[in-house]
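So the structure is just underneath, and the comments pick up after that.
The values are calculated or read from the model by the stated rules, or taken from the named source; none is laboratory data. The shown structure was predicted, so the numbers you read here are calculated from the model rather than taken from an experiment. Glycine gets a Cβ as well: all are built from the backbone with ideal geometry, and neighbour counts include every protein chain shown. Side chains included, ligands, DNA and RNA excluded: accessible areas come from the protein's heavy atoms. Shrake-Rupley method; radii C 1.70, N 1.55, O 1.52, S 1.80 Å.
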Amino acid sequence: MLEVFKSKHEKQSSESISSQTFLTRKKHFRDTAEWKAKKRRIITKLRIMGKINLALVLSRLPTIDKLPDKVLTHIFSYLPAHQMLRNRQVCKRWKRVADSPSLWKFVSFRPSYGGLMVQNLDYFTGLIGARFNELKITELATDLITPFVLHEMANKCPKLQYLTLDFSTAMQLHDFTDLQNFPSRLKGLTICLSENIFLEGFLRKVYTFISSVEILHIVGTYEKVEDEEEEVYETVNVHKLKQYLPNLRVVNLWGVPFITDEHVDALSSNCALLECLCINYCEKVSGHCLKLLLQRCRKLRTLFLAHARLDNATLQAVDWQNTRIEELDIKGTEVSSETLISILTRLPNLRWLDASWLENFNDAVLDAWMNSGACNNIQYLNLDTCDSLNEPMLSEFIMRHGQQLRGLNLGGHHKLLEYFWINMIPQMKEINVLVMGIAEDCCPKVTAKIHVDQFIDCIAGNCPKLTRLEVRWDDDTLRFSDKSSKFIDVMRLKCLKLHSMVLSDGQYYELVRSNFERADRMSVVRTTEMCRTGLLHCSRYYNPLLFN
């Protein structure tokens with residue numbers, strides 16, 4: 001037994017000696033230059049294989065280069081023309097996609113309004129047939145309104161429907177004697193006038209091509225006229241123009257200084273299909289044309305007369321009860337209280353009214369309007385800076401008609417404070433647009449403090465459909481606390497359709513903006529210095545009336 005134990009012990013000791021000898025040799029081999037060179041080769045191969053595998057993985061990832069041309073074209077369709085020109089410089093494929101005519105359906109060539117600048121006229125005319133043959137909407141600056149350009153567009157842009165001709169900066173027109181062709185399928189035509197350039201020679205050549213026009217914009221020089229006694233030239237012959245436009249539905253004569261009642265009367269004699277007439281800032285219009293206009297144009301629904309010098313007796317003589325007027329703009333006029341009562345009480349179909357900046361819109365007018373029942377269909381009401389209205393009458397109006405209101409502007413009223421709004425907001429469950437408060441530079445100054453947290457909580461609980469909100473009170477008037485962010489969170493979560501909130505610049509504005517930005521809603525909160533909320537976008541003819 002002892003011998004067996006000795007033999008096993010000797011065997012184990014010999015194995016341990018042999019293993020120690022192997023480890024010593026192995027450690028000694030790793031210290032050699034041969035092993036170090038081999039190790040470097042192995043590591044280099046592993047790194048190369050890793051890069052190959054990484055490149056293989058990346059090549060299989062879905063990148064923008066893997067997108068088909070159809071998807072890439074759809075992405076490019078959301079980009080402006082300036083960005084499209086940059087994209088075509090990335091690579092050959094992007095250049096081919098960016099040059100697709102389907103991406104150039106709307107192009108503006110007016111640099112003063114953010115459009116493209118054309119430096120080579122010959123190169124531009126060459127692109128009309130290649131890149132712009134699917135053009136639908138375009139705007140041309142004065143330098144591009146030439147007989148050859150118009151001829152090329154008429155022949156190579158068969159889908160062109162809306163054309164803007166900007167003559168506002170013209171010092172001298174091109175010679176249109178050789179003009180034999182003009183786009184003949186237009187639905188909308190916009191002409192921006194110059195102060196002293198007569199367009200009769202040009203229009204004489206295009207009269208026969210514009211009979212299909214349904215939307216006409218003639219943009220005047222109201223903003224450029226500095227002296228009221230300055231001589232005004234009739235640069236467009238409206239009496240002759242109306243003979244070639246029998247299909248007009250929308251007419252916008254914005255700020256044309258020479259437009260009078262006679263011109264409006266002439267237009268109405270050949271526009272039986274007219275649905276919208278806008279003569280804002282036409283100071284020579286007194287309203288004598290309205291009676292005959294409303295008798296001829298039975299389809300007229302929208303009438304904009306902002307800042308016109310309307311005559312009270314003439315307006316009262318109009319048969320408003322026999323019209324189909326649904327939208328009326330009399331902003332900035334000097335009509336009397338009696339005239340306002342005469343008009344509003346005889347318009348039963350009225351759904352949109354802009355009566356802002358009217359000194360004579362008082363409690364008597366609002367009371368007569370309510371008692372007549374003509375305001376039962378009103379949905380959008382702008383009474384901005386109507387200082388003659390008092391809180392009790394406005395409260396009664398909202399209590400009776402608040403449920404039907406979709407847009408309400410009561411900004412500029414220094415009498416409407418916290419108590420009024422806390423009680424009235426629950427009455428407007430369907431409101432989409434709401435404006436309240438008085439601006440910082442308006443007089444008289446608000447001396448009371450406004451607890452804005454209560455407003456926000458009240459709006460969040462009662463106005464789930466709100467899309468636009470403007471609060472004009474400044475930081476000196478608003479009072480808020482450390483818990484204000486919680487009230488803002490509640491409004492942000494409950495008013496999911498809110499995409500515009502305009503506030504006076506200050507600490508509360510910074511607080512609300514940071515709250516919305518943390519929720520990735522970057523463009524919701526804005527300042528009153530850069531943005532103002534109105535009701536014009538709620539008009540039925542808002543899009544057709546857009547220009548510039």
FRET efficiency for A317 and D367, using Cβ-Cβ distance with R0 set to 30 Å, rounded to 0.05: 0.80
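With the Cα gyration tensor of the chain giving a ≥ b ≥ c as the square roots of its eigenvalues, does the rule (a/c under 1.5 for rounded; else a/b larger than b/c for prolate; else oblate) give rounded, prolate or oblate? Don't jump to the answer; show the numbers that get you there.
On the way: a/c = 3.61, a/b = 1.66, b/c = 2.17.
Verdict is oblate for the chain.
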C-alpha center-to-center spacing [the stretch 346-369, the stretch 153-169] in angstrom: 41
What does the charge count around F176 come to, taking other residues whose C-beta lies under 10 Å from its C-beta (Lys +1, Arg +1, Asp -1, Glu -1)? 0
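At a threshold of 8 angstrom on Cα-Cα distance, excluding pairs fewer than six apart, so keeping six or more, what relative contact order does the stretch 350-495 reach in percent?
Working: 259 pairs, mean separation 28.8, N = 146.
Worked out over the stretch 350-495, it gives 20 percent.
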Reach of K39 by Cα under 14 Å, taken over aspartates and glutamates that are not fewer than 8 positions away in the same chain: D31
Rounded if a/c is under 1.5, else prolate if a/b is larger than b/c, else oblate: which is the stretch 395-479, with a ≥ b ≥ c the root eigenvalues of its Cα gyration tensor? prolate
Do any of K449/K483; K66/K95; K415/K497 go past 26 Å between their Cα atoms, and which? K415/K497
Got a sec to turn the phi values of the stretch 163-180 into Karplus ³J(HN,Hα) couplings, 6.51 cos²θ - 1.76 cosθ + 1.60 with θ = phi - 60°, whole Hz, x for Gly and Pro? 10, 10, 10, 9, 9, 5, 9, 6, 9, 7, 7, 6, 7, 9, 5, 8, 6, 10
Tell me, what is the FRET efficiency for K159 and K449 to the nearest 0.05, using R0 = 41 angstrom and their Cβ-Cβ distance as r? 0.10
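Which whole-number percentage describes the relative contact order of the chain, with Cα contacts under 8 Å and a sequence gap of 6 or more?
6
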Among V524, W104, Y207, whose Cα lies farthest out toward the positive end of the dipole of the chain, if unit charges sit on the beta carbon of Lys, Arg (+1) and Asp, Glu (-1)? W104
Please list, in order along the stretch 428-439, the HN-Hα scalar couplings obtained from phi with the Karplus expression 6.51 cos²θ - 1.76 cosθ + 1.60 (θ = phi - 60°), rounded to whole Hz, x for Gly and Pro. 10, 6, 9, 5, 10, 10, 9, 10, 9, x, 10, 5
Would you mind putting 399-412, 177-190 in packing order, based on average other-beta-carbon counts within 10 Å, highest first? 399-412, 177-190
Express the accessible area of the stretch 234-386 per residue in Å², computed with a 1.4 Å probe while the remaining protein chains stay in the model. 35
Over the stretch 421-545, give the accessible area per residue in Å² for a 1.4 Å probe, as an integer. 48
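Given axes a ≥ b ≥ c from the Cα gyration tensor, I'd like to know whether the stretch 225-379 is rounded (a/c under 1.5), prolate (a/b larger than b/c) or oblate. List each step's numbers first, then the result.
Working: a/c = 2.28, a/b = 1.38, b/c = 1.65.
Oblate, since a/c reaches 1.5 and b/c is not below a/b.
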Listed by chain and number, the residues whose amide H is under 5 Å from that of T190, excluding neighbours fewer than 5 places away on the same chain and using placed H, are L163, T164, L165, H217
Please give the length that would be gained between S184 and I43 if that part of the chain were fully extended, namely 0.36 nm times their separation in residues minus their C-alpha to C-alpha distance (nm, one decimal). 43.3 nm
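Ignoring ligands, DNA and RNA, what percent of the accessible area of the chain is carbon or sulfur (1.4 Å)?
The C+S portion of the solvent-accessible surface of the chain is 52 percent.
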Phi-derived 3J(HN,Hα) across the stretch 69-74 with the Karplus relation (6.51, -1.76, 1.60, θ = phi - 60°), rounded Hz, x for Gly and Pro, is 4, 5, 5, 5, 5, 5
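So what is the relative contact order for the stretch 59-152, in percent, with contacts set as C-alpha pairs under 8 Å and at least six apart? If you can, show how the numbers build up before the last one.
Details: 81 pairs, mean separation 22.4, N = 94.
Rounded, it is 24 percent for the stretch 59-152.
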